[in-house]
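For reference, the structure discussed in these notes is given below.
What follows is calculated from the coordinates using simple rules that are stated; it is not laboratory data. It should be emphasised that the depicted structure is a prediction, and the values quoted were computed from it without experimental measurement. Reconstructed Cβ throughout: ideal geometry from the backbone, glycine too, with neighbour counts over all protein chains shown.
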Amino acid sequence: MTAGSMSRVPPWFERKFAFSYPLELYPNLRTRLHGTPVRLAETLHGLPPKILVGKAQEKWSAQEHAGHLLDLEPLWLTRVEDYVTGSDQLTVADLTNRKTHKANHNASPLDQILTEFLLVRQRLLKRVDELDTSLFM
């Protein structure tokens, strides 16, 4: 494998996920989820607006990607509730990303996006922390 092929990130819908996460590693996963808003802020703060809102090849800008994370967060909370209620199916995601396309995140202040993301992520983690660990088995 060449260095160039090692860095290729597969498109989202081509990725494969394993759902065999051991309960003992839950604290590690929680720490990663908790730290995401901080890592995102560290990555984006200090970048010039031209970089934050610039679109390469008509793809989302860095700021739109941050806004997309914010847009997705309510889905994760809803899916937690799907588990809690024993739903047979998880709430379906909008695969067209309509919310992100309509949001015009490039027109919002970056700090607003980052603050809102932090708040909704904290809400998700608070809810998960309230759960009985038997749901994770």
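Remarks
- Filter result for the condition that a residue is more than 30 Å from M137 (Cα to Cα) and loosely packed, with under 11 Cβ neighbours inside 10 Å, over Q112, Q57, Q89: Q57
- Selection within the stretch 34-84 - farther than 19 Å from N104 by Cα and among the aromatic types (F, W, Y): W76, Y83
- The stretch 57-81 residues that are over 12 Å from A103 (Cβ atoms), paired with ones that are part of a helix (DSSP H, G or I) and among the basic types (K, R) (beta carbon under 6 Å, 6 or more apart): V80/R127
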